[in-house]
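Comments concern the structure below.
The values are calculated or read from the model by the stated rules, or taken from the named source; none is laboratory data. Computed from a prediction, not measured in an experiment: that's the story for all the values here. Neighbour counts are summed over all protein chains in view; Cβ atoms, including those assigned to glycine, are modelled from backbone coordinates with ideal geometry. Side chains included, ligands, DNA and RNA excluded: accessible areas come from the protein's heavy atoms. Shrake-Rupley method; radii C 1.70, N 1.55, O 1.52, S 1.80 Å.
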Amino acid sequence: MEVTNKFIAKKATIDGEPEECDFELKVEPFSLAVKPGSKDVIIKNLYVSIDPYQLNRMKSVSSSKKTSEFAPRIAPGEVIGAYGVGKVVASGNPEFEKDDYVVGIISWGEYSISQGFMLSKLDPMGFPLSYHVGLLGFSGLTAYAGFFEICKPKKGEKVFVSAASGSVGNLVGQYAKNLGCYVVGCAGSPDKVKLLKEKFGFDGAFNYKEETDLDSTLEKYFPDGIDIYFDNVGGVMLEAAISNMNSYGRVALCGVISEYTDVGKRATPNMLNVVYKRIMIQGFLGGDYMHLFPEFVSTTVDHLRAGKIHVLEDISIGLESVPSAFVGLFRGYNVGKKIVRVSNDLEDC
């Protein structure tokens, strides 16, 4: 059986801040039948993840495309691979059967075809499917691995999280609070600051857009210094955090969204502080820690069922909303994990 498959593609290389007009909705014939002898898996996409790192794949030049298998170049007009949840329509792969839910790399489209790379059968465990895109998916693993494996926190330590209302940051803050740390986060609006303090129980939070001297701001919130900084933005925030860190502080570099759209902006922390305070700074990718996935899921599900973790999702409806959802990440529109629901799982999958 052949259908039409709608998918989102970029029109040309994107250098600078993305605009909705940089993308187009394309339509192509798509077969729902598996070729004889192949191990293809045909998937109807249900929920897809919208992530800032995708922009690096769309640029003319980005070091991420040279160093990571998780961020290959996206050519104009081609299908864009993305993390998400779908339902198997047909399979030639013995690991998957028709009507299985699957999670992993699918696409910004109505249908995907996979050879099983980074694709797993999904047990929803009674939770909404969207949870497995964010909280129980790659965003959650990134938060868990970055905080526990790289930062190696101890109860009572002082933790600063940037972009703390984002998909990763809010989870880092919640893991830290559950461990018994003192936690402060920054976000880009009064409503987000209120959310961090009132819903997630952060000990402090501030709107970075209202602060003219980040160094002094962090000194106010951390009079005894910062032990752990979970960095999602880079730039001047990283510089200020380094200035306020204690000896043997740890920095997990998860993302540098402030530098994605401005090629002239680069963080320049005081390296004497790094040396003399013996600060550990480590960049990482969530994909490096797939071996922790069972442990991460088990721990997080326990917290979730005990009411110790709150879910923060920002879901747009319909494939056509992907460009605006993606652009909104760089304008601070999202609150929590940005997801697009491509199709309802109750529809004819």
Item to check | Environment charge at Val27 (Cβ cut-off 11 Å; Lys +1, Arg +1, Asp -1, Glu -1) | outcome: -1
Checklist outcome for this item: Using alpha carbon centers only, region 1-61 is separated from region 294-331 by a whole-angstrom value of 21 Å
Checklist entry - Of the accessible area of region 49-153, with the probe set at 1.4 angstrom, what percent is carbon plus sulfur? => result 52 percent
Item to check | Relative contact order (%) - criterion: Cα under 8 Å, at least six apart; region: the chain | outcome: 19 percent
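So what's the net charge close to Ala9: Lys and Arg +1, Asp and Glu -1, counting the other residues with Cβ under 9 Å from its Cβ?
Numbers: positive: Lys10, Lys11, Lys26; negative: Glu24, Glu78.
Around Ala9, the surrounding residues sum to +1.
Of Lys154/Lys177; Lys6/Lys121; Lys220/Lys337, which sit over 22 Å apart, Cα to Cα?
Working: Lys154/Lys177 11 Å; Lys6/Lys121 24 Å; Lys220/Lys337 29 Å.
In this structure, Lys6/Lys121; Lys220/Lys337 lie more than 22 Å apart at Cα.
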Checklist entry - Any idea what log10 I(q)/I(0) is at q = 0.20, 0.24 Å⁻¹ for region 217-272, Debye with uniform C-alpha scatterers and no solvent? => result -0.71, -0.95
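Give me the accessible area per residue for region 131-174, probe 1.4 Å, as a whole number in Å². Each step should come with its number before you reach the end.
Values: 970 Å² over 44 residues.
Here the residues of region 131-174 average 22 Å² of exposed surface.
On the accessible surface of region 217-345, probed at 1.4 Å, how many percent belong to carbon and sulfur atoms? If you can, show how the numbers build up before the last one.
Working: 3050 of 5770 Å².
On region 217-345, the fraction of accessible area on carbon and sulfur atoms equals 53 percent.
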Checklist outcome for this item: Karplus ³J(HN,Hα) for region 154-164 (6.51 cos²θ - 1.76 cosθ + 1.60, θ = phi - 60°; Hz, whole; x = Gly/Pro) runs 10, 3, x, 6, 9, 10, 10, 10, 8, 6, 6
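What number comes out for accessible area per residue over region 222-349 if the probe is 1.4 Å? Units Å², please. Display every interim value, and only then the final one.
Numbers: 5880 Å² over 128 residues.
Here the per-residue accessible area is 46 Å².
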Item to check | For region 117-127, Karplus couplings with θ = phi - 60° (6.51, -1.76, 1.60), whole Hz, Gly/Pro x | outcome: 5, 6, 9, 9, 5, 10, 9, x, 6, x, 9
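In region 18-49, which GluC sites (Glu not before Pro) are in a loop and have at most 13 other Cβ atoms within 10 Å, using DSSP for the loop call? Kindly include the intermediate steps, with their values, before the conclusion.
Numbers: sites: Glu19, Glu20, Glu24; in loops: Glu19.
Listed in order of number, the matching sites are Glu19.
Compute the signed sum of charges (Lys and Arg +1, Asp and Glu -1) over the other residues within less than 14 Å, Cβ to Cβ, of Met245. Kindly include the intermediate steps, with their values, before the conclusion.
Details: positive: Lys158, Arg250, Lys277, Arg278; negative: Glu157, Asp215, Glu219, Asp224, Asp227, Asp231, Glu239.
Counting the neighbours of Met245, the net charge comes to -3.
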Checklist outcome for this item: In whole Hz, the Karplus estimates of ³J(HN,Hα) for region 92-102 (6.51, -1.76, 1.60; θ = phi - 60°; x where Gly or Pro) are x, 9, x, 7, 9, 10, 3, 6, 5, 7, 10
Checklist outcome for this item: SASA check, Glu239, accessible area w/ 1.4 Å probe, all protein chains in place, rounded to nearest 10 Å², comes out at 50 Å²
Checklist entry - Which of Leu285, Leu218, Leu272 moves most in a GNM of the chain, Cα contacts under 10 Å? => result Leu272
Checklist entry - What residues have an amide H closer than 5 Å to that of Met245, excluding those fewer than 5 places away on the same chain, when H is modeled at 1.01 Å from N in the peptide plane? => result Ile226
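What is the packing order of peptides 221-228, 197-204, taking the mean over residues of other C-beta atoms within 10 Å and listing the highest first?
Working: 221-228: 18.1, 197-204: 16.4.
Packing order, densest peptide first, comes out as 221-228, 197-204.
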Item to check | Alpha-carbon Rg with Dmax, taken over the chain, Å | outcome: 20.5, 66
Checklist outcome for this item: Long-range amide H partners of Phe284, meaning residues 5 or more apart or on another chain whose placed amide H is closer than 5 Å, are Leu253
Item to check | Mean-position separation - Cα centroids, region 134-200 and region 252-291, in angstrom | outcome: 17 Å
